[in-house]
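First up is the structure itself, then whatever we jot down about it.
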Amino acid sequence: MTKTQLFFTSVFSTLLSVAAAAQKQDAYTHKIDSIITSPNPIAFNGVVLVAQKGKVHYLKSNGYKDFDKKILLKTGDQFEIMSNSKQVTAVLVLQAAEQGKLNLRTPIRKYLPSLTQTWADTVTVHHLLNHTHGISNLEKPAAFKAGTQFKYGNLSYIMLGEILKNTTGKSFTELANSLFKKLRMDQTFAYNTKNNQSLVAGYMNENNQFKKVKETFLNDKIAPAAGIISTVQDLAKWDQALFKGKLLSPEFQKLMLTPSTTSQHNVFGKESMGFGYNIRFIKEAGLDYFAVTGLGDGFTCLNTYFPSTDTTLIILENQMPENSEYWSFKEAAIKNVILTAIASH
């Protein structure tokens, strides 16, 4: 084969590869389009982003920022990300541990001396991070021995916010906003009563009738558990920083990305899978990937990262179904489209 033939063969092969990738992208683009525009069995009202190797491949909004005024959502709108916020708190706690300001295996009485219950002598920071602490009420005995069961909730992350304040001398809001600034997540901030900016309103959805949530349950206290406001673009930056090891040293990165208990979530099937410091470790369709979900206050969120192809899928909705059967319904459908596209690659 001549050099000219080799050149054209190489070019042709490259073009075929590009064409195949474009075809694959077109296939999932049309499928996601149909999911977010279909009102059945429940309407989608939010923004979807798919990025690969830091480059956005899909970015669309559907629905309303304000239903009464018929103001359409934009792809850069800010949403409450609910429990996705806990992942930020987990990173801040690990950064404090890195700096020697706290120890993950130390009982929490050391950092919260005002606690009165005996479980403060056995529950560690680690147990708070992975929801295996057993605390249901600060004034009551634990529901189970620390480390023996998984029970998801906001309380432990509210406590982690207090621990951060007591060990670093800075509030969760200060720490989080400083981190976002470093990552150039310019549209992301920790909610506080003095800074609630112009985020979109949340809506409860009953049979595709949308009712605005009149008063957010967010406040300064709950911010470490559910109080981050962000956009799909900024959360894609977060994924690149977190999963590429830009936030933590190798030792603490390994801790962050290692499951330490198990949990089940309907978006990912009926089986219990790995769970760590507010990251789910999912095995599905022959792929391993990371995920975090959020739901409440009229918002639904999903952030998934597929390391094998460096693909991020972010979904933010400012609606939450009244019917629990439809919680994260469209999120699961869109995730399955991306999962199939990657698995068949």
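The values are calculated or read from the model by the stated rules, or taken from the named source; none is laboratory data. Since the structure is predicted, the reported quantities are computational estimates derived from the model, not experimental observations. Positions of Cβ are generated from backbone atoms using ideal geometry, with glycine treated the same way; all protein chains shown enter the neighbour counts.
Values for this structure:
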item	result
Condition met for Val123 (surrounded by 22 or more Cβ atoms within 10 Å (Cβ to Cβ) and either hydroxyl-bearing (Ser, Thr, Tyr) or modelled with pLDDT under 95 (or both))	no
Count of residues meeting criterion [in contact with a Gly (Cβ under 6 Å, 6 or more places away or on another chain) and either outside any loop (DSSP other than H, G, I, E, B) or not polar (S, T, N, Q) (or both)] in the range 128-148	4
Condition met for Asn137 (surrounded by fewer than 17 Cβ atoms within 10 Å (Cβ to Cβ), touching a Phe, Trp or Tyr at 6+ places or on another chain (Cβ under 6 Å) and over 30 Å from Leu73 (Cβ atoms))	no
Unmet criterion (only one of (1) closer than 25 Å to Lys31 by Cβ; (2) not in a helix (DSSP H, G or I)) for Leu247	(1)
Positions within the range 35-61 being over 29 Å from Ser308 (Cα atoms) and crowded, with 19+ Cβ neighbours inside 10 Å, in sequence order	Ile42, Ala43, Asn45
Top-ranked residue in the range 107-127 [being free of Cβ contacts under 8 Å to residues at least 40 places away in the same chain and assigned to a helix (DSSP H, G or I); ranked as farthest from the chain's Cα centre (by Cα)]	Thr118
Selected residue (criterion: surrounded by the fewest Cβ atoms within 10 Å (Cβ to Cβ)) from residues of the range 255-276 that are part of a helix (DSSP H, G or I) and in contact with a strand residue (DSSP E or B) (Cβ under 9 Å, 6 or more places away or on another chain)	Val267
Cross-chain or 6+ apart pairs with Cβ under 6 Å, the range 86-97 first and over 19 Å from Ile222 (Cα atoms), then not in a helix (DSSP H, G or I)	Leu94/Leu248; Ala96/Leu102; Ala97/Leu104
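One line per residue, one yes/no per condition, for (1) at pLDDT 95 or above; (2) of a type outside the set (Lys, Arg); (3) over 21 Å from Gly76 (Cβ atoms); (4) surrounded by fewer than 20 Cβ atoms within 10 Å (Cβ to Cβ):
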site	(1), (2), (3), (4)
Leu287	yes, yes, yes, yes
Phe299	yes, yes, no, no
Thr304	yes, yes, no, no
Leu313	yes, yes, no, no
Leu316	yes, yes, no, no
Ile338	yes, yes, yes, no
Ala343	no, yes, yes, yes
